[in-house]
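Notes follow the structure.
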Amino acid sequence: LSKIYFKGGMKNQMEIMLNQLISDQTIKWAWETQVQENWHLSWKDHFRSIVIENKLAILPPWEEDSHAEITIRIKPGMAFGTGHHETTWLMLQKMLFHVKPEMTVLDLGAGSGILSIAAWKMGASKIDSVENDFNCEDNFIENLELNKISDGILYHYGDVLNWDNMNHDIILANIDRKVLQKLIPKLINVKGKIILSGLLLSDYDKIKKLCEKYEFKIEEQSVKGDWICLMLIIS
């Protein structure tokens, strides 16, 4: 007995293909519709607070306030970014040292909004948050409301590779390597700092060569588990 999942709307197409592939075999199958559920609610028993550098605490909505300098409330949802993944943790740690009051910040691949919210709480004056996953928007807005943020963060639905306003003091991109490889050449005129993650340690050599090709200097790097975070500046 096996289960295979397909995107919605493909049933008729798959019926034809299956009939062609197994026309001479005795195989039966049945279709079920997988309902999109609020799976994130099951995280409640497992989602615990995180504290980074004894300064920044990430809490679920149901937990009491922490005594950290910066507190962020995040509701787990369809969007990536609760602080538990190593890459998000590394990005937040790096931001603690580099995001200063009145800076402008660009958050590429904003997901749940956790990095944008962190930048706002660190004093950034304007944050542009870009995300191309339609399912993320509701969770992003919900997290802004949880943190009582009504202005200062602008959500933009779109592909980060099509975004062309790079005039920010700090650019954040916690995205997978394939997207970053396409993104880095688009950052050649950036005057601010660039903080990247979504990278495995095994990706380092490829990214380093790409950075050298476009005259970026890897100013800092941090590692957590199998993941790495890099800060780039124009060399």
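The values are calculated or read from the model by the stated rules, or taken from the named source; none is laboratory data. What you see is a predicted model; the values in this text were computed from it and never measured. As a convention, Cβ positions derive from the backbone with ideal geometry for all residues, glycine included, and neighbour counts pool all protein chains shown. Just so you know, the surface numbers come from the protein's heavy atoms only, side chains and all, with ligands and any DNA or RNA stripped out. Shrake-Rupley method; radii C 1.70, N 1.55, O 1.52, S 1.80 Å.
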Pick from the stretch 137-151 the residues that are open to solvent by 20 Å² or more (accessible area, probe 1.4 Å) and in contact (Cβ under 8 Å) with a residue 60 or more places away in the chain: which of them is nearest to Ala119 (Cα to Cα)? Leu146
Checking Asp65 against (1) under 20 Å from the mean Cα position of the chain (by Cα); (2) at pLDDT below 90, which single condition isn't satisfied? (1)
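Residues to consider are Ile141, Ile149, Ile127; find the one that is in a helix (DSSP H, G or I) and of a type in the set (Val, Ile, Thr).
Values: Ile149 fails: in a helix (DSSP H, G or I); Ile127 fails: in a helix (DSSP H, G or I).
Of Ile141, Ile149, Ile127, the one residue that is in a helix (DSSP H, G or I) and of a type in the set (Val, Ile, Thr) is Ile141.
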Only one of (1) of a type in the set (A, V, I, L, M); (2) in a helix (DSSP H, G or I); (3) open to solvent by 20 Å² or more (accessible area, probe 1.4 Å) is not met by Met166, so which one is it? (2)
How many residues are assigned to a loop (DSSP other than H, G, I, E, B) and either at pLDDT 85 or above or open to solvent by 70 Å² or more (accessible area, probe 1.4 Å) (or both) when one looks only at the stretch 50-62? 5
Looking at the stretch 86-97, I want the residues that are on the phi < 0 side of the Ramachandran plot and have a partner that is assigned to a helix (DSSP H, G or I) and surrounded by 21 or more Cβ atoms within 10 Å (Cβ to Cβ) with Cβ atoms under 6 Å, at least 6 apart or on another chain. Which pairs are those? Met91/Leu115; Leu92/Ala118; Met95/Ala118
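Quick grid of which residues meet (1) under 14 Å from Leu106 (Cα atoms); (2) in contact (Cβ under 8 Å) with a residue 60 or more places away in the chain; (3) not small (Gly, Ala, Ser):
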residue	(1), (2), (3)
Ile153	yes, no, yes
Gly158	yes, no, no
Asn165	yes, no, yes
Leu187	yes, no, yes
Lys206	no, no, yes
Ser222	no, yes, no
Of all residues making up the stretch 197-235, the number that are assigned to a strand (DSSP E or B) and open to solvent by less than 50 Å² (accessible area, probe 1.4 Å): 12
Can you find, within the stretch 100-118, the residue that is farthest from Ile228 (Cα to Cα) among those that are open to solvent by 10 Å² or more (accessible area, probe 1.4 Å) and assigned to a loop (DSSP other than H, G, I, E, B)? Glu102
